[in-house]
Each structure stands twice: as structure tokens, then as C-alpha cells.
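Report on the structure given below.
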Amino acid sequence: MDLFVTGGENNKTGWGNADYDRLVRDAAAELDPAKRMGMLQAAEAILVDELPVLPIYNYVTQTTFSPRLGGYFPNVKDEHFPKFWYWMDEEELAAKRAGLAGRDDMQAVEAWGPENGLYPPAHPKGRARASDEAPPLDQAPPRDKEGGD
């Protein structure tokens, strides 16, 4: 919303409105989410009423992914970071599906992927699995029979 504040470096329209500027500034400092949203809605109403720009399109994306994929969350900017993705195990997948039960806008599909889950090292289950397989830190790794590495 600060794209259109009076005199802003990214405001290429030359438009300005003191009430809009005040609402955007106050919303940035407001800690109460409901009050902040009200201020931003009022600022947006001024922007739509005075129409300094004419929106002719907006981006639309449709994404399909396995229900077993964890760490993938829809968001306004449609930005997703693979470093947070992992495959859910059966228990986590069942809990996710139970939370979505009864929704008319979703359809259950086959959840392909490893049934035991596959987790990155940063995930709590990934750390547990890695520590089960790795030797203790104070134990030297085994050497080959010739004494080399």
C-alpha cells in the first residue's frame, strides 16, 4: 500500500492524498491486527475511489501438489521455499486430512510419496532420523582395512 504514498520513490503516478498517507503510516505502526486491517481497508477505498492507476490484470496461479507434501503453505505472494518442504509420514497425513474433513472445496486424492515420510535435516523428525543413523560424535568413523580414509 505504501507504493502510492505522496512523494514515495515508487509512486510513479504523481498522485497524492494526505488522508491516504496518514492511514498507511498509522497502519504500519498499529499493533492490533483488526484495527490495522480497518485502516488499510480505508486507505484502499481512497485509492479505488480516486483511481490514480487502472489495474488491467492480476496474476492468477493454480498449483497442484501431493497432499503428502508438508511445509508448503498457500500465501498472498504465492512464494514457496523448497528448503522447507518434506514428505509427511502416514500419521501426519492422517491428521492433516482429518483437519480438512467436510470441506466442499477440496477432494481427497492419492498421496504418493514415501509412507514413512522424508524429512530435511532442519525438521525435528529429520534430526531424529539422522541421529539414529549417524555414529556418536565422539566415535571415529570406521576406516577401511588398509588404514586410509
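Points to keep in mind about this one:
- Every residue from the stretch 1-18 that is among the aliphatic types (A, V, I, L, M), modelled with pLDDT under 95 and surrounded by fewer than 14 Cβ atoms within 10 Å (Cβ to Cβ): L3
- Taken over the stretch 19-66, residues that are among the hydroxyl-bearing types (S, T, Y), more than 30 Å from A111 (Cα to Cα) and surrounded by 10 or more Cβ atoms within 10 Å (Cβ to Cβ) amount to 1.
- Hits in the stretch 67-79 (condition: modelled with pLDDT of 85 or more and over 18 Å from P124 (Cβ atoms)): P67, E79
- A count restricted to the stretch 50-79 and to residues that are part of a strand (DSSP E or B) and polar (S, T, N, Q) stands at 0.
- Among residues of the stretch 25-39 that are within 14 Å of M1 (Cβ to Cβ), those with a beta-carbon under 6 Å from a residue that is in a helix (DSSP H, G or I) and of a type in the set (K, R) at least six positions away or on a different chain give the pairs A27/R36; E30/R36.
- When the criteria are applied in full, K83 fails the requirement of being of a type in the set (K, R) and either closer than 30 Å to K12 by Cα or in contact with a Ser or Thr (Cβ under 6 Å, 6 or more places away or on another chain) (or both).
- Of all residues making up the stretch 80-102, the number that are in a loop (DSSP other than H, G, I, E, B) and farther than 25 Å from Y59 by Cβ: 4
- As for the stretch 44-53, it holds no residue that is touching a residue at least 12 places away in the same chain (Cβ under 8 Å) and of a type in the set (G, A, S).
The values are calculated or read from the model by the stated rules, or taken from the named source; none is laboratory data. Here the structure is a predicted model, which means the values were calculated and not measured. Methodologically, a virtual Cβ is constructed for each residue, glycine included, from the backbone with ideal geometry; neighbour enumeration extends over all protein chains shown.
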